[in-house]
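Structure, as structure tokens:
The values are calculated or read from the model by the stated rules, or taken from the named source; none is laboratory data. Keep in mind that what you see is a predicted model, and the values were worked out from it rather than measured. Cβ atoms come from the backbone with ideal geometry, glycine included; neighbour counts cover every protein chain shown. Heavy atoms of the whole protein, side chains included, go into the accessibility calculation; ligands, DNA and RNA do not. Shrake-Rupley method; radii C 1.70, N 1.55, O 1.52, S 1.80 Å.
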Amino acid sequence: SATTHATVDIKQNSVIADAMFALKSVYGGIIKANNSEFRNNQYDLYFDKYKNYKHTKTVIRGNKFLTLDGGLNNPNYYPHAHIYMNQVDGISIRSNTFRNENMDADISKWGIGVESSLSGFTLSPRYLTITDPVPVEPRDTFDNLYYGVKASGKGTTAPSIKHNVFTNNFRGVYINNADGSRVLFNNFTGIYDRIYPWQVVFTRAINRPI
């Protein structure tokens, strides 16, 4: 049960910076990250598979996931994903900021906001009611990233991505082989629309980024 799993609680404007993995969950470890800052890490939050455990106790809310101007402190590395999920389910992501400020880097090194493999997650603010889906808290924002969201395959449930704001990303949302995914009520804008116009991409081929 969730009560037997180790828990890390990051809150009250905590900062984790300059790490390969700011926090890594293995064997079902629970991460509670609230109102904190993750800065210049290769991976901020990394969730690895553990049996069929559902991360219903994990909370990711109100944080800043940043790559600052100048990039990581080791020039041989670049940000991969702020949140990465490998074969996990039940994670809720709400009201966070994902932003790259290192605009001099090659666009492929701008990093990914949320990346998943065979995982189910919800990326959405809370609503007023189920029948009246008006957000009652800030939306997640994705700025100047290689991919805002990149999800491949699905486990027991597909990703749900609703009411988010994507600005100046190479790709806003990329979904590969994840039947039943829900991408609704999001806002996509940016200067890269003229060069890379496909901000929402669904594909069926495995490992075929576009």
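Based on what the data block shows, is Val183 among the aliphatic types (A, V, I, L, M) and farther than 16 Å from Phe65 by Cα? Here the answer is yes, as Val183 does meet what is asked. Taking the criterion of being modelled with pLDDT of 95 or more, more than 18 Å from Ser124 (Cα to Cα) and out of contact with any Lys or Arg (no Cβ under 8 Å at 6 or more places or on another chain), the only residue of region 51-80 that qualifies is His80. For first residues located in region 18-34 and under 16 Å from Thr7 (Cβ atoms), partners that are open to solvent by 10 Å² or more (accessible area, probe 1.4 Å) and acidic (Asp, Glu) and lie 6+ apart or on another chain with Cβ distances below 6 Å form the pairs Val26/Asp48; Lys32/Asp9.
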